[in-house]
Structures are given as C-alpha cells and as structure tokens.
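Below is one structure, written out as structure tokens; comments come after it.
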Amino acid sequence: MPRPASTAVGLGLPFKVKLVCDELQLLRVQALRQMAYGRHLPEQAGAFGSADAQDRTPGTVIFYAEDKATGSVVGSARIQSNRHAPLQIEGSIELPPDKQGRLLAEITRLCVMPGYEHPVRLALLKAMHLYCIAMQIGGVVAGSRRSLLRTYLCLGFSDLYGDERLCPLKHAGGLPHRVLFRDTLSADSQVRDKRPQDFDFVFREFHPDIEVFDALAAAVSFGLSGRAVPTLSH
C-alpha cells in the first residue's frame, strides 16, 4: 500500500550533502578549504584553498555540506577513483601488491568549518561510502594527519602497511601522513564493534539530506510512469 505523502521517511540533518556541479559551488568549497586548513595548517592554506586541477579531472567527485539555516558551506571532501588515472597518492607511495590492479579510490581535501558542531565529517564519509558501493569501488585509501586519524580508524580504516609508518605526500604539501585503507565490503563489520552509533549513522540509517543520487531516487519514485527523469551530473 503506498505510504501517505505526509509521512516523513528518514532522519533529517541540519545540513545537506550535495555534489559540486558548477564553478560557483567549487569556488565556495575552495574558500572553505582555505579557512579550514588555515586553522590547522596555515602554511598550506593558500595552496589547499586555491584552484586545483584534480578537482576537474575525470573520475573525481567533490561532495559538500551546506547548512540549511545559513546556506553556508560547512564541509567538503573529494574522492578520486583510479578508473581513469592512478590515484594521487601513488605519486608518493607504492601500493602493496594485493591492492595493485584493483578499482580503488582516494579521499583528499576532507575539511569542516571550524566550530561547526554537527556530524558533517561523518555525513561526508557516508556519502563517499555510498558512492563507492554504487561505482563498485572495492576499497578507499586516505592519507591522514593526526587530527583526523581517530575518525578514520573508528570508521573501519586500518594502516595500509601495518607498521604505522609516516609517508610524506607530494599532493599534501610534502607533509608526513599515515596511509590508511578501508575495504568497501567489510568496513561495516569493523565499525559495528568500535563505534556502534557511527555504525548506525553510516550503514543503517537513511538520511534524505545526503543527496548523493537524486536522479536514481527520482527513477525509483517515478518508475515507468513516463515522467521525465533528470540526468546525473557525475
């Protein structure tokens, strides 16, 4: 039986997560990057907040979070698959043999507006997880600074090499990072025991404000009714 139109489905958030689809949105994301990195890495703020060729390359998608009350961009993250070209991180490290030849992705430029208290970082990682599932990406690599390490580890990432080495990354200003990896299919079992509240948020709850695949949702809603379905932006 159809659900009444007035019945709300899913858990609302004070922000929306969307895909960057035009230059204006990209400029707003770049401004946030400069602000966020300026707080923790002031020497890198200019470089990380300026135009970046990687933002426009095939296989790269940028997510951003927009506060509902103010319209401000409060978070962003970029994910690049190796479907078209090697991952950026491969310019600094060699992937272990068991990761070579696999369809993988890399998270970069993950940032949140300083002082914003809502779970933006968690929502961005959920959006990227959903994206990887839809694109059949088997695993995700991330270079992590100390400030983000706990977040990644609690979300099913583990040390890529198993020895906690620090690797200078060329695309991250040459700064040393821990290199982490998360298997797309097995990540949920690792998170369930570490942080059950994060497990529910990422893997079990439905958040309509995480707008990753609007066109697919429209196709499901309209079925074969003959109504026009918008095309995907990415």
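The values are calculated or read from the model by the stated rules, or taken from the named source; none is laboratory data. Quantities reported herein were computed from a predicted structural model and do not represent experimental measurements. When we count neighbours, we look across all protein chains shown, and the Cβ atoms used for this are built from the backbone with ideal geometry, even at glycine. Ligands, DNA and RNA are excluded from the accessible area calculation, which covers all protein heavy atoms including side chains. Shrake-Rupley method; radii C 1.70, N 1.55, O 1.52, S 1.80 Å.
Observations on the structure shown:
- If the condition is being within 20 Å of P97 (Cβ to Cβ), assigned to a loop (DSSP other than H, G, I, E, B) and in contact (Cβ under 8 Å) with a residue 24 or more places away in the chain, then the range 153-204 contributes F157, L160, Y161, T184, L185, S186.
- Qualifying residue in the range 176-187 (condition: of a type in the set (D, E) and either farther than 24 Å from P14 by Cα or at pLDDT below 75 (or both)): yes
- The range 14-24, subset under 16 Å from the mean Cα position of the chain (by Cα) and at pLDDT below 95, residue farthest from F63 (Cα to Cα): C21
- Residues (open to solvent by less than 20 Å² (accessible area, probe 1.4 Å) and either modelled with pLDDT of 90 or more or under 16 Å from the mean Cα position of the chain (by Cα) (or both)) located in the range 161-175: C167, L169
Condition check ((1) in contact with a Lys or Arg (Cβ under 7 Å, 6 or more places away or on another chain); (2) surrounded by 13 or more Cβ atoms within 10 Å (Cβ to Cβ)) across all residues:
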{"position": "G91", "(1), (2)": "yes, no"}
{"position": "D98", "(1), (2)": "no, no"}
{"position": "V112", "(1), (2)": "yes, yes"}
{"position": "P119", "(1), (2)": "no, yes"}
{"position": "C154", "(1), (2)": "yes, yes"}
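- Residues in the range 131-152 that are open to solvent by 40 Å² or more (accessible area, probe 1.4 Å) and touching a residue at least 40 places away in the same chain (Cβ under 8 Å): I133, A134, M135, R145, S147.
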